[in-house]
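Just below is one structure, and these are the notes that go with it.
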Amino acid sequence: MDPTLTLRTSTAEMSILSGHRRGDADRQPSFIIRPADSPADLDAYHRLRRSTFVDDQRIFASTDRDDVDDDPRTVVLLAHSLDGGVLGGVRLAPLGDTDIGWWAGSRLVVDTAAHSAGIGPALVRAACAHAQSHGVLRFDATVQERHRPMFTRLGWESHGSTLVGGTPHQSMRWPLHGIQDVADATKSFLAEILDPLRAQSGGLGPDGFRGDDGVPVPGSDIIAACDAIIPSMVERDPEWAGWCSVLVNINDLSAMGAVPSGLLDAVGAPTRSLLTRVVRGIAQASQAWGVPVLGGHTQVGVPASLAVTAFGTTRTPVRAGGASAGDAIRLTADLTGSWRPGHHGRQWDSTSTRSAPDLRSMTGLVAAMSPRAAKDVSMAGIAGTTGMMAEACGAGAELDVASIPRPVSAEMGSWLTCFPGFAMLTADAPDRRDPLAGRPVPDGVVAARCGRLTADPGVRLRWPDGITTVAVTAGVTGLGRA
């Protein structure tokens, strides 16, 4: 938990870690919130729970302990007095044997003598902050009816009534917008910014290819793609930036079923040393995929910059917008590798340790599947790119969270919003059998049906209990149907 993090309420701004208003600089904080880190902490929390839920409120007959207390994944947040005493606590944990980003908070308790100190709301805020910072996608709680106003003031949404131990409770949910935030930051501005390009006939590509990963060059079987790497990445990790500049372009061509044939690069750097390292990364990737750099522009003594254009060929390009509502969504992804050092939760590296034959085999998977629609997963992440493909198809999308292929060491929230290295989204007829059945694929490359296109715009997540939550409210780019 970030000790500098603060959250706003409708009345004032309060630190989630200490019991005082941020404006009260001279006032001694009355409590501090931190994760339980000792058996003594947990014992004190369990005693407080028993006193409240068993002895006083009689919600439970003999004990309120359950399997969540024994789950090693459970996090307990405690409010401590300045002398170390436990004044209150709350626990949160993933639901189900596999953590798919669905968590619940429970057993919120505050010592009777400390009810007026604002500990309850502070614990709720701390639990929400912990869930959000750990990539949780859905955060639920079942709270006593008398506490619903407090949760509502803190921004929680009510989703129906229930009984626990004969006591009225409310099922509530904390709205999390991480996927929407990534989509907004990476793609939402495109339609407005690119609108002037429509003035020229053929601007933004021929009919059916607007918003696609690449574009057919008119009058030919050539597909062209172009991507830039952000300057900060070029400066911080130049070899990786060079590698990725080739990777993302090869992925663009692969998503359209094209065979890569050549690259052009434009590289600038403030020093010769940085320039050399960027070009080294480009050269390594060029050799790995067997695609030559045909030319380009190279300059030193300028701010860091890197862009690559790629060319490939196909007579039957796969469009991003070729499917329709009712078609099945499939994700084909390389689940090997790990988070790139320095980019944890944002960039998954499965390609830099792959053999050249594996990398070249993966470039042909979409062409082999020949789906109705395809799109490679970009910086908008799996969920945002699903929204882009759906938008190009004039549809929306629903993803079955539990069916999404994912590396074991990647939490679902990060996996759905990161750049995953190699991942292709395709859409096809729901009754079509596995298009890769019988075709050899590199070890670690997994394909699974994980959703469907829908008539309703945006992207929704379907959970194992049948509930759907909104991940993206509407079209991701605003470019509309391709």
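The values are calculated or read from the model by the stated rules, or taken from the named source; none is laboratory data. Predicted, not measured: the structure shown is a model, and the values here were computed from it. In this analysis, Cβ positions are derived from the backbone assuming ideal geometry, glycine residues included, and neighbour counts consider all displayed protein chains.
For the stretch 287-402, the helices (runs of 4 or more DSSP H) that sit wholly inside it and include 1 or more residues that are surrounded by fewer than 24 Cβ atoms within 10 Å (Cβ to Cβ) and either at pLDDT 95 or above or under 16 Å from the mean Cα position of the chain (by Cα) (or both) are 356-362, 365-369.
Each row is one residue, and each column tells you yes or no for (1) more than 23 Å from Ala374 (Cα to Cα); (2) touching a residue at least 24 places away in the same chain (Cβ under 8 Å).
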site: Thr186; (1), (2): no, yes
site: Pro196; (1), (2): yes, no
site: Ser201; (1), (2): yes, no
site: Pro238; (1), (2): yes, yes
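Which pairs do you get when a residue that is touching a residue at least 12 places away in the same chain (Cβ under 8 Å), found in the stretch 56-71, comes within reach of a residue that is part of a loop (DSSP other than H, G, I, E, B) and surrounded by 14 or more Cβ atoms within 10 Å (Cβ to Cβ), reach meaning Cβ atoms under 6 angstrom, with the pair 6+ apart or on two chains? Here the result reads Val68/Thr74, each pair linking the stretch 56-71 to a residue that is part of a loop (DSSP other than H, G, I, E, B) and surrounded by 14 or more Cβ atoms within 10 Å (Cβ to Cβ). Taking Val408 and the conditions (1) of a type in the set (Val, Ile, Thr); (2) part of a loop (DSSP other than H, G, I, E, B); (3) within 22 Å of Thr454 (Cα to Cα), which numbered condition does it fall short on, given that it satisfies the others? Tallying (1) of a type in the set (Val, Ile, Thr); (2) part of a loop (DSSP other than H, G, I, E, B); (3) within 22 Å of Thr454 (Cα to Cα), Val408 fails exactly one: (3).
In contact with a Phe, Trp or Tyr (Cβ under 8 Å, 6 or more places away or on another chain) and assigned by TED's automatic domain parsing to the domain that holds Asp70: which single residue out of Met172, Met150 fits that description? First the steps, then the outcome.
Working: Met150 fails: in contact with a Phe, Trp or Tyr (Cβ under 8 Å, 6 or more places away or on another chain).
So the residue among Met172, Met150 that is in contact with a Phe, Trp or Tyr (Cβ under 8 Å, 6 or more places away or on another chain) and assigned by TED's automatic domain parsing to the domain that holds Asp70 is Met172.
Taking the criterion of being crowded, with 17+ Cβ neighbours inside 10 Å and closer than 26 Å to Val459 by Cα, the residues of the stretch 143-177 that qualify are Leu154, Trp156, Met172, Arg173, Trp174, Leu176.
Please go through the stretch 1-59 and give me each residue that is farther than 18 Å from Ser116 by Cα, modelled with pLDDT under 65 and part of a loop (DSSP other than H, G, I, E, B), ordered by number. Scanning the stretch 1-59 gives Met1, Asp2, Pro3, Thr4, Leu5, Ser10, Gly23, Ala25, Asp26. Residues in the stretch 166-194 that are polar (S, T, N, Q) and not in a strand (DSSP E or B) were compared, and the one that is farthest from Thr417 (Cα to Cα) is Ser188.
Looking at Gly257, Gly262, which one is part of a loop (DSSP other than H, G, I, E, B), under 27 Å from Ala423 (Cα atoms) and out of contact with any Asp or Glu (no Cβ under 7 Å at 6 or more places or on another chain)?
Details: Gly262 fails: part of a loop (DSSP other than H, G, I, E, B).
Criteria check complete, one pass: Gly257.
Criterion applied to Ala185, Ala283, Ala225 was being of a type in the set (Gly, Ala, Ser), in the same structural domain as Trp348 (by TED's automatic domain parsing) and either out of contact with any strand residue (DSSP E or B) (no Cβ under 7 Å at 6 or more places or on another chain) or at pLDDT 95 or above (or both), and the one residue passing it is Ala185.
Condition check: in contact with a Leu (Cβ under 6 Å, 6 or more places away or on another chain) and surrounded by fewer than 23 Cβ atoms within 10 Å (Cβ to Cβ). Does Ala79 satisfy that?
On the way: in contact with a Leu (Cβ under 6 Å, 6 or more places away or on another chain): yes; surrounded by fewer than 23 Cβ atoms within 10 Å (Cβ to Cβ): no.
Spelling it out, it is not the case that Ala79 is in contact with a Leu (Cβ under 6 Å, 6 or more places away or on another chain) and surrounded by fewer than 23 Cβ atoms within 10 Å (Cβ to Cβ).
Within the stretch 395-424, residues that are among the acidic types (Asp, Glu) have Cβ atoms under 6 Å from residues that are surrounded by fewer than 24 Cβ atoms within 10 Å (Cβ to Cβ) in these pairs: Glu398/Arg452; Glu398/Thr454; Glu398/Arg460; Glu398/Arg462; Asp400/Cys450; Asp400/Arg462; Glu411/Gly135, counting only partners at least 6 apart in sequence or on another chain. Is at least one residue of the stretch 421-428 surrounded by fewer than 19 Cβ atoms within 10 Å (Cβ to Cβ) and at pLDDT 95 or above? Within the stretch 421-428, not a single residue is surrounded by fewer than 19 Cβ atoms within 10 Å (Cβ to Cβ) and at pLDDT 95 or above.
Given the options Arg272, Arg277, name the one that is out of contact with any Asp or Glu (no Cβ under 8 Å at 6 or more places or on another chain), outside the structural domain of Thr363 (by TED's automatic domain parsing) and surrounded by fewer than 24 Cβ atoms within 10 Å (Cβ to Cβ). Just a single option satisfies the conditions, and that option is Arg272.
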